[in-house]
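Derivation of every value follows stated rules applied to the coordinates shown; laboratory data play no part. Since the structure is predicted, the reported quantities are computational estimates derived from the model, not experimental observations. Neighbour counts run over all protein chains shown; Cβ positions are idealised from the backbone, glycine included.
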């Protein structure tokens, strides 16, 4: 076979394998999101003052953080599902999420009296946050990890961690609708701890299940 024919064959093969993993990831993400949403609405539910909360900047900022995490992690997973990926732009986008949260936390410290810092940080539902976000993230994490097994990632631990970040983004976005602690200080501590838990589980699963 001539070199140009070999290249054409490899390109054709790449095209045939790229779409299935893409569809698999979409289906996995949709399925995991559906299960998480069902669990949320059946067992957790939105906060009773949701309509009023939607008019407050602090409440809406929670979605800015969680949805930014979700989108950037989804892009990272999408690229890491394929061999030899170097998703630098998505890593930069992901790094913007903690930077955004850090800026908001500094602003909160400047506008809130020092006597209220501890109360704003601890909140009312810190333990619930740490339990519910991982619980809501479980189905999306399992679904995305199983989907990644149909890909060919060359970075199994990173891909698993990215799946954990994506799942945590879903869980945190759903939980934010229930959570009545809206301070960026609360998010910077308890949402982050919950996200680290899910991401760590994802990295462990990736190391064990995504190796060739």
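For the chain, set up a Gaussian network in which alpha carbons nearer than 10 Å are linked by springs, and say which option among 117, 78, 90 fluctuates the most.
117
So what is the diffusion coefficient of the range 100-212 in µm² per second by Stokes-Einstein at 4 °C and 1.567 mPa s, using a Kirkwood Rh over Cα pairs?
D, rounded to a whole number, is 87 µm²/s.
Could you list the square roots of 5 times each eigenvalue of the Cα gyration tensor of the chain, that is, the equivalent ellipsoid semi-axes, sorted largest first and rounded to whole Å?
Taking √(5λ) for each eigenvalue gives 37, 18, 14 Å, largest first.
Would you look at the GNM of the chain, springs on alpha carbons closer than 10 Å, and say which of 128, 111, 198 moves the most?
In the Gaussian network model the winner is 111.
Assuming a ≥ b ≥ c are the square roots of the Cα gyration tensor eigenvalues, decide whether the range 31-79 counts as rounded (a/c under 1.5), prolate (otherwise, with a/b larger than b/c) or oblate.
oblate
Going by how many other Cβ atoms sit within 10 Å of their own, how do 193, 170, 142 line up, fewest first?
193, 142, 170
Place a point 7 Å from the Cα of residue 149 along the Cα-to-Cβ direction; which residues of the range 172-212 have their backbone N under 13 Å from it?
Within reach of a label on residue 149: 205-212.
Residue 114 versus residue 41, label points 7 Å from Cα toward the beta carbon: distance in nm?
4.8
Roughly how tilted is helix 3-39, in degrees to the nearest 10 and between 0 and 90, from the longest Cα axis of the chain?
30
For residue 92 and residue 131, what does the FRET efficiency come to when R0 = 30 Å and r is the distance between their Cβ atoms, rounded to the nearest 0.05?
0.40
Counting other beta carbons within 10 Å of each Cβ, put 137, 89, 126, 105 in order, fewest first.
So the ranking, lowest neighbour count to highest, is 89, 126, 105, 137.
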